[in-house]
Amino acid sequence: MQKKESHNTICSYCGVGCGITVSKDIRGTLSVHGTEDYPVNKGMLCSKGKNLNYVAQDISDRILYPKMRWSRNHSLQKTTWDIAFKRAAAVFKSIIDKHGPDSVGFYVSGQCLTEEYYLANKLTKGFIGTNNIDTNSRLCMSSAVVGYKKTLGEDAVPISYDDIELADCFLIAGANPAWCHPILFRRLEKHKEDNPKVKVLVVDPRKTQTSALADQHLQILPGTDVILFNAIARWLIERKKIDTSFIRKYTSNFEACKQSAFQLTLKQAAYQCGITTEEIKKAAKLISNSKRFISMWTMGLNQSVIGVDKNVALLNISLLTGQLGKPGCGPFSLTGQPNAMGGREVGGMANLLAAHRDLGNSQHRKEVEDFWGGKPIKKEAGLTASEMFNALESGKLKAIWIICTNPVVSLPNARKVEAALEKANFVVVQDISHKSETTKYADLLLPAAGWLEKEGTMTNSERRISYLPKVIDPPAEAMPDVEILWRFAQEMGYKGFDYNSASEVYDEYCLMTKGTNIDISGLSYERLRKEGSFQWPVPHKLHKGTPRLFQNHDYYTSNRKAHFNAPKKLYNQSEQTNTEYPLILNTGRVRDQWHTRTKTGKVKRLLTHIPIPYLEMNKVDAFLHGLKEDDVVVVSSRRGSVRVKVKINFDIREKVVFLPMHWGKILKNDFSRANNITNDLVDPISKEPDFKYCAVKVEKY
Ligand code: SF4
């Protein structure tokens with residue numbers, strides 16, 4: 001009998017944040033299973049989580065040593081860490097001396113651990129002196145962040161997964177949790193199985209595995225969510241199905257919401273949404289009959305040129321019905337990445353500061369400056385994700401440091417991203433895998449430690465902070481990201497980066513949150529190891545965490561009331577279809593792949609579900625295009641094209657087509673990369689790209 005050691009950690013994929021127990025036998029072979037007593041998943045794991053041991057053990061694609069090249073005409077050569085840090089610091093210093101601190105930027109990831117995110121922010125905003133640090137969470141959650149701030153006064157998810165089992169009605173909009181948040185969906189499914197009276201409404205232009213569970217599927221036209229939510233609000237107000245006492249006592253700006261909702265009649269709204277008036281009335285009635293109502297959403301609302309408007313229109317429904325601050329109810333944005341929340345907490349975006357402080361607030365800037373003891377922090381927001389690559393292309397930004405993300409596949413209008421990286425003076429890529437298409441553009445390639453190879457913390461969708469232990473050594477010379485960052489900062493000559501462990505970084509961040517609304521000064525690695533996970537705030541060492549916010553209805557706005565917001569735009573502002581590009585393209589995930597497949601693409605078992613990219617198309621459109629199942633088609637927009645097989649069904653609306661977003665360049669070409677054709681338009685406030693809507697044409701290859 002071999003002796004095994006076991007460690008409890010957290011899944012490295014989606015924002016559900018399932019607990020995983022990793023066992024290592026005497027030969028070092030890893031196996032994984034869901035942690036039985038972890039409150040999120042109670043022993044369950046989805047297909048991606050179940051196969052994480054293969055990903056962790058397969059080092060065939062890993063970057064093992066620092067590599068660099070002196071010019072783009074040369075290939076990358078193996079180097080030492082000392083030389084790599086010296087070169088990085090020398091190039092950054094010379095660019096900053098010549099062009100100023102805003103000529104450099106960092107592009108990081110919702111998969112970074114909190115300590116890494118925190119340190120990258122401290123380095124950039126506090127010491128280099130630029131706010132040019134943004135994250136790929138900009139691509140998924142920034143519209144929700146703005147929506148929460150406008151409504152609740154802060155980016156604060158009010159509820160917990162445990163509220164799911166208490167709710168009696170769910171509105172799931174622009175999301176397919178059955179595939180993208182499977183364990184969370186399993187909890188919802190079980191709750192409905194056990195309580196058949198529980199109602200589920202799904203808003204999605206496609207029929208999905210999620211909509212299959214729904215009592216009502218509102219298959220609206222893409223981009224019409226604001227009109228739908230406003231129409232529901234209008235019906236609730238007209239029928240006096242609103243909670244007037246809650247609105248009077250705990251909210252402000254109701255009249256603005258009402259005026260916005262009354263701009264269109266239900267009939268006009270139904271026409272715009274491509275559904276019937278009866279469908280809107282039925283949905284509104286189901287919500288009004290609910291005693292405990294939860295709304296859930298992800299990218300269908302967020303990844304839009306009117307993403308903030310979609311968010312506030314949905315949040316208004318929770319306020320109208322008084323479904324906030326009580327068990328079993330509230331708005332619940334589902335985060336895509338495992339630590340998108342942690343990144344938001346430490347100020348990991350170009351317009352944020354650590355511990356939910358505001359960049360535009362001079363007092364907040366002073367608090368952070370005093371705490372870090374670095375340079376004055378600029379009040380203007382830095383470059384956001386798309387802006388950063390635009391600035392590289394225009395020459396305004398000279399150097400970029402990319403950590404744990406693959407923008408060549410994941411950003412919209414990807415050819416533009418490639419052109420930008422080609423033009424950059426200096427590109428640092430810090431990652432685990434050569435499979436990332438972005439590594440090709442690196443002048444300096446730094447091998448990072450991966451999941452299980454370093455310690456740190458993450459926060460999931462329900463504000464739950466968990467500790468991830470180091471279980472195995474990183475291969476060859478790969479180094480934890482947090483150490484790469486502090487060693488670079490030391491090489492730059494900055495004081496305040498003399499850490500010896502990730503734990504010291506975490507203690508510093510916890511202290512920095514003291515007195516804020518996300519106070520976790522009561523946390524430490526020791527507590528997380530001993531007592532398990534905690535939901536913030538955790539303001540002192542005996543505090544057990546906070547599963548639900550706003551139970552006293554003291555919101556974080558200036559008047560301490562939840563704020564109704566009138567959406568600025570009712571109608572979608574995306575690129576419009578025309579006779580040349582008559583179809584609307586929607587992009588998204590498939591069940592067994594993750595982001596740009598650098599990890600899930602390695603697991604054969606995960607390729608059995610959907611092995612290759614495809615275009616989903618309605619049967620009527622396929623007939624009109626003379627297409628049959630599995631025909632190869634070229635999908636083109638004004639920016640480029642992709643070539644894939646077509647899958648034909650009645651699940652997707654006519655005039656709408658769908659492409660999965662995961663595949664990059666395969667077979668030495670980029671014909672399957674969805675972002676060849678997506679649009680780089682962004683929401684004017686959240687700066688989140690409009691991934692879910694662009695005009696395309698489809699032709700038989
Ligand atoms: Fe991992 Fe998300 Fe699956 Fe849970 S639901 S196992 S966190 S991918």
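The values are calculated or read from the model by the stated rules, or taken from the named source; none is laboratory data. The structure presented is a predicted model; accordingly, all values stated were derived computationally and were not measured. Virtual Cβ from ideal backbone geometry, glycine too; neighbours counted across all protein chains shown.
Summary table below
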| read-out | value |
| --- | --- |
| Any hit, segment 105-118, residues being surrounded by fewer than 18 Cβ atoms within 10 Å (Cβ to Cβ), away from the ligand (no atom under 16 Å from the Cβ) and not hydrophobic (A, V, I, L, M, F, W, C) | no |
| Checking ASN51 against (1) polar (S, T, N, Q); (2) within 16 Å of the ligand (Cβ to nearest atom); (3) under 30 Å from GLY347 (Cβ atoms); (4) touching a Lys or Arg at 6+ places or on another chain (Cβ under 7 Å), the condition it does not meet | (3) |
| Residues (out of contact with any helix residue (DSSP H, G or I) (no Cβ under 6 Å at 6 or more places or on another chain) and within 16 Å of GLY360 (Cα to Cα)) located in segment 377-387 | LYS378, LYS379, GLU380, ALA381, GLY382 |
| Residue satisfying condition, being loosely packed, with under 15 Cβ neighbours inside 10 Å and closer than 30 Å to SER466 by Cβ, within set SER47, SER60, SER71 | SER60 |
| Single residue of segment 571-621 satisfying the filter (acidic (Asp, Glu) and assigned to a loop (DSSP other than H, G, I, E, B)) that is surrounded by the fewest Cβ atoms within 10 Å (Cβ to Cβ) | GLU580 |
| Which numbered condition ILE59 fails, given (1) of a type in the set (Val, Ile, Thr); (2) away from the ligand (no atom under 16 Å from the Cβ); (3) without any contact (Cβ under 8 Å) to a residue 24 or more places away in the chain | (3) |
| Hey, ILE96 modelled with pLDDT of 95 or more and not basic (Lys, Arg) or not | yes |
| Restricting segment 12-37 to residues that are outside any loop (DSSP other than H, G, I, E, B), within 16 Å of the ligand (Cβ to nearest atom) and not aliphatic (A, V, I, L, M), the residue that is nearest to TRP297 (Cα to Cα) | GLY19 |
| Listing of helices (runs of 4 or more DSSP H) fully contained in segment 319-433 that carry 2 or more residues being more than 30 Å from GLY640 (Cβ to Cβ) and either within 16 Å of the ligand (Cβ to nearest atom) or in contact (Cβ under 8 Å) with a residue 40 or more places away in the chain (or both) | 340-345, 362-372 |
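This table checks each residue for (1) of a type in the set (S, T, N, Q); (2) surrounded by fewer than 24 Cβ atoms within 10 Å (Cβ to Cβ); (3) out of contact with any helix residue (DSSP H, G or I) (no Cβ under 7 Å at 6 or more places or on another chain).
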site	(1), (2), (3)
LYS199	no, yes, no
VAL202	no, no, no
ARG206	no, yes, yes
ALA212	no, yes, yes
LEU218	no, no, no
ASP225	no, no, no
LEU228	no, no, no
ILE232	no, no, no
TRP235	no, yes, no
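Condition check ((1) farther than 30 Å from LEU359 by Cβ; (2) within 16 Å of the chain's Cα centre (by Cα)) across all residues:
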site	(1), (2)
THR114	no, yes
ASN131	no, no
SER143	no, yes
LYS150	no, no
GLY153	no, no
ASP168	yes, no
LEU171	yes, no
ILE183	yes, no
LEU188	yes, no
